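Below you'll find the structure, written out as structure tokens, and then a few comments.
The values are calculated or read from the model by the stated rules, or taken from the named source; none is laboratory data. Predicted model only: the values in this text are computed from it and were never measured. As a convention, Cβ positions derive from the backbone with ideal geometry for all residues, glycine included, and neighbour counts pool all protein chains shown.
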Amino acid sequence: MKTTKITIGCDHAGYELKLKVINHLQARGVEVIDVGTHSTDSCDYPAIAHELCKNIQNGVTELGILICGTGIGMSMAANKHRGIRAAACSDTFSARLTRLHNNANVLCFGERVVGMGLAIDLVDNFIDAEFEGGKHARRVDMITAIEKDEL
Ligand code: RB5
């Protein structure tokens, strides 16, 4: 399914890169819902991750992108939410494979880790890939079962 709409969020450490990613997505014709933060003033990344995850859980968008300093704190916070499979990636192979095999619905990366060119490639690899299903669906279902304490 072609991605036409995406939620994006960042903390202060990911703000500048987020602006560039938003420009790129809009140039691709993707509608962007920006849940903040809206400046480089210090803020707490879990609050932003929570806002973004609510959009995914409520079906506002299928996919999301979270940017902080490293991508790690955002992914940790996002993965505490039911139904969220967030992947912190700093290479394009992982960004693509986490859609194909893990059905990841949130991509995380760090402005202090990746440059703009790589960030754009991460985003393109992530949103252009589709979950392969099959044996991978069984494994993703097991992740969901763990989440529900049913494994
Ligand atoms: C903020 O300084 C930094 O800790 C945050 O952006 C992120 O990298 C946390 O994982």
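From the list 52, 66, exactly one residue is within 20 Å of residue 104 (Cα to Cα), of a type outside the set (Lys, Arg) and not in a helix (DSSP H, G or I). Which is it?
Numbers: 52 fails: not in a helix (DSSP H, G or I).
Exactly one residue qualifies, and that residue is 66.
So how many residues does region 61-84 have that are within 14 Å of the ligand (Cβ to nearest atom) and farther than 14 Å from residue 47 by Cβ?
7
Going through 61, 70 one at a time, which residue ends up being over 19 Å from residue 121 (Cα atoms), surrounded by 15 or more Cβ atoms within 10 Å (Cβ to Cβ) and not hydrophobic (A, V, I, L, M, F, W, C)?
61 is the lone residue from the list that is over 19 Å from residue 121 (Cα atoms), surrounded by 15 or more Cβ atoms within 10 Å (Cβ to Cβ) and not hydrophobic (A, V, I, L, M, F, W, C).
Pairs needed: first member in region 112-124, assigned to a helix (DSSP H, G or I); second member anywhere, among the aliphatic types (A, V, I, L, M) and more than 16 Å from the ligand (Cβ to nearest atom); C-beta distance under 6 Å; at least 6 residues apart or different chains.
Going by the 6 Å Cβ cut-off, the qualifying pairs are 122/95.
With the checklist (1) buried (at least 21 other Cβ atoms within 10 Å of the Cβ); (2) outside any helix (DSSP H, G or I); (3) of a type outside the set (D, E, K, R) in hand, flag the one item residue 43 doesn't pass.
Unmet condition: (1).
Working only within region 10-40, note down all residues that are within 12 Å of the ligand (Cβ to nearest atom) and either buried (at least 20 other Cβ atoms within 10 Å of the Cβ) or part of a loop (DSSP other than H, G, I, E, B) (or both).
Scanning region 10-40 gives 10, 11, 13, 14, 17, 18, 37, 40.
If a residue must be more than 16 Å from the ligand (Cβ to nearest atom) and either touching an Asp or Glu at 6+ places or on another chain (Cβ under 8 Å) or more than 20 Å from residue 141 (Cα to Cα) (or both), how many such residues does region 97-114 contain?
4
Could you check, for region 127-137, whether at least one of its residues is buried (at least 16 other Cβ atoms within 10 Å of the Cβ) and part of a loop (DSSP other than H, G, I, E, B)?
yes
Within region 84-111, track down each residue that is buried (at least 24 other Cβ atoms within 10 Å of the Cβ) and in a helix (DSSP H, G or I).
Correct list: 95 only.
Please work out which one of (1) closer than 19 Å to residue 113 by Cα; (2) within 16 Å of the ligand (Cβ to nearest atom); (3) touching a strand residue (DSSP E or B) at 6+ places or on another chain (Cβ under 8 Å) is the condition residue 48 fails and give its number.
(1)
Could you grab the pairs with beta carbons closer than 7 Å, sequence gap of 6+ or different chains, first residue in region 63-77 and at pLDDT 95 or above, second one near the ligand (Cβ under 7 Å from one of its atoms) and among the aromatic types (Phe, Trp, Tyr)?
Note: pairs meeting the criteria are 68/45; 73/45; 74/45; 77/45.
Can you report the number of residues in region 113-142 which are out of contact with any Leu (no Cβ under 9 Å at 6 or more places or on another chain) and more than 20 Å from residue 5 (Cβ to Cβ)?
12
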